[in-house]
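To keep things clear, I will list the structure first and then write my remarks on it.
The values are calculated or read from the model by the stated rules, or taken from the named source; none is laboratory data. Note that the coordinates shown come from a computational prediction; the quantities given were computed from them, not determined experimentally. Note that each Cβ is placed from the backbone with ideal geometry, even for glycine, and that neighbours are counted across all protein chains shown. We work out accessible area using only protein heavy atoms, side chains counted, and drop any ligands, DNA or RNA first. Shrake-Rupley method; radii C 1.70, N 1.55, O 1.52, S 1.80 Å.
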Amino acid sequence: DCDHFDFAKYRLNKIVNDRNLQNNISLNFETVTHDKLPEFNNEKVDVLFCFEVLEHVPSPVAVINNIKACMKPGSVYIENFIKHSVKEGEDEDGPDLLSARNEREDYFDILNEYFNLLHPNKEMPEVNPNITRIWQRNNT
């Protein structure tokens, strides 16, 4: 159980209900492991959210490879890959796993190959590496 996950479910379901979108949007919330995403009756997903997770998994590259495999072209991936700074005296991992930190560049290389960045646009300087990014799956 995770309070953030429960709150996200509550807020997203509230938006759907408040805007009377029950017939247009079907939300499915799953807690998953980093190496296998759930199956959705052999259908590809339209939208996938991944918040404040990637810095804590052993391999963000394995996660993004699984994500890209379950998304159809044109689908949307919304993520953030928090980059905590390691403070003096903290263990080597700090709040982030060292293995996740070491795969950060490869993770973004895969994203740039298989997804198009929608927000923030590439002209905007990356002032905050912790910003939420929105990507669209390309046809690759």
Qualifying residue in segment 70-81 (condition: in contact with a Leu (Cβ under 9 Å, 6 or more places away or on another chain) and either part of a helix (DSSP H, G or I) or modelled with pLDDT under 80 (or both)): yes
Number of the condition not met by residue 115 [criteria: (1) out of contact with any Lys or Arg (no Cβ under 7 Å at 6 or more places or on another chain); (2) surrounded by 15 or more Cβ atoms within 10 Å (Cβ to Cβ); (3) at pLDDT 90 or above]: (1)
All positions within segment 1-56 that are modelled with pLDDT under 80 and assigned to a strand (DSSP E or B): 33, 36
Residues of segment 56-80 classified as of a type in the set (Lys, Arg) and surrounded by fewer than 16 Cβ atoms within 10 Å (Cβ to Cβ), total: 1
The one condition in (1) crowded, with 17+ Cβ neighbours inside 10 Å; (2) closer than 20 Å to residue 12 by Cβ; (3) modelled with pLDDT of 85 or more that residue 136 fails to fulfil: (1)
Residue 93 being within 16 Å of the chain's Cα centre (by Cα), of a type in the set (D, E, K, R), over 18 Å from residue 133 (Cβ atoms) and at pLDDT below 75: no
Residue under evaluation residue 128, criteria (1) open to solvent by 30 Å² or more (accessible area, probe 1.4 Å); (2) modelled with pLDDT of 80 or more; (3) more than 15 Å from the chain's Cα centre (by Cα), criterion not met: (2)
